[in-house]
Amino acid sequence: PPTVERELIHGVGSLQLFMPCVFEEHYYTLHEESDRYDDEFRRICAFDIVINNTDRKAGHCVLGVDDKIWAIDHGVAFHQEFKLRTVLWDFVGEDIPDEWCDDLWRLVDHPPAQFEDLLNPFERDAVTTRTTALGTARRFPRDETGGRRFPWPLV
């Protein structure tokens, strides 16, 4: 959902549009029920790797009343050190579609102008490094830490 920067009572922060959703449904329930939304989950997984999301819980992938999957609450991201924490490990080793790889290379070659204002040079370099690695591998990576790359709580 759209997320904007706002100056509020306690200072500058981000504000994300509320998406009406089916609160009983989340990544685990939807993924276990069928593969209907798996491409959307794969896309979120690739996005999380690129932005280095450190807090992708199952409840942050919600089913909107519009029948779309929405990835919410990804404000803990873009750190220069690799700190990925996600529940989206079900796609390990799967190929990343060619068109998504094309998107990754476009991001490497033409990063959004906003990166200059919002990310420091180390964070920008880290985005490029992660994006290049994902585009080169063309596969979803494994968790090489032995399972320590999960957020807590999981939902």
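The values are calculated or read from the model by the stated rules, or taken from the named source; none is laboratory data. The model shown is predicted, which means the values in this text are computed figures rather than measured ones. In this analysis, Cβ positions are derived from the backbone assuming ideal geometry, glycine residues included, and neighbour counts consider all displayed protein chains.
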Exercise. Can you name the residue in region 46-86 that is part of a strand (DSSP E or B) and out of contact with any helix residue (DSSP H, G or I) (no Cβ under 8 Å at 6 or more places or on another chain) and, of all such residues, is nearest to Ala133 (Cα to Cα)?
Worked result: Trp70
Exercise. For region 27-36, does any single residue satisfy the condition of being assigned to a strand (DSSP E or B) and buried (at least 20 other Cβ atoms within 10 Å of the Cβ)?
Worked result: no
Problem set entry | Hits in region 120-137 (condition: over 17 Å from Ala77 (Cα atoms) and over 17 Å from the mean Cα position of the chain (by Cα)) | Thr136, Ala137
Exercise. Only one residue in Asp143, Asp109, Asp102, Asp117 is acidic (Asp, Glu), over 26 Å from Lys57 (Cα atoms) and at pLDDT below 95. Which one?
Worked result: Asp117
Seminar exercise, completed: Within region 125-134, residues surrounded by 14 or more Cβ atoms within 10 Å (Cβ to Cβ) and in contact (Cβ under 8 Å) with a residue 40 or more places away in the chain come out as Ala126, Val127, Arg130, Thr131, Leu134
Problem set entry | Unique match (being surrounded by fewer than 15 Cβ atoms within 10 Å (Cβ to Cβ) and over 23 Å from Phe23 (Cα atoms)) among Phe78, Phe140, Phe122, Phe91 | Phe122
Exercise. Of everything in region 87-136 that's out of contact with any helix residue (DSSP H, G or I) (no Cβ under 8 Å at 6 or more places or on another chain) and aliphatic (A, V, I, L, M), which residue is nearest to His31 (Cα to Cα)?
Worked result: Val92
Exercise. Among all residue pairs at least 6 apart or on different chains, which show Cβ distances below 6 Å where the first residue, located in region 86-108, is under 9 Å from Ala46 (Cβ atoms) and the second is surrounded by fewer than 17 Cβ atoms within 10 Å (Cβ to Cβ)?
Worked result: Ile96/Arg138
Problem set entry | Breaking point among (1) more than 14 Å from the chain's Cα centre (by Cα); (2) over 22 Å from Thr136 (Cβ atoms); (3) outside any loop (DSSP other than H, G, I, E, B); (4) not aliphatic (A, V, I, L, M), for Trp105 | (2)
Exercise. Which of (1) of a type in the set (Asp, Glu); (2) over 15 Å from the mean Cα position of the chain (by Cα); (3) surrounded by 15 or more Cβ atoms within 10 Å (Cβ to Cβ) is the odd one out, the single condition Asp117 does not satisfy?
Worked result: (3)
For this session: Mind telling me which of the residues Thr54, Thr145 ends up being closer than 25 Å to His26 by Cβ and under 13 Å from the mean Cα position of the chain (by Cα)?
Result: Thr54
Exercise. If you go through region 28-47 one residue at a time, do you hit one that is out of contact with any strand residue (DSSP E or B) (no Cβ under 9 Å at 6 or more places or on another chain), polar (S, T, N, Q) and closer than 23 Å to Thr145 by Cβ?
Worked result: no
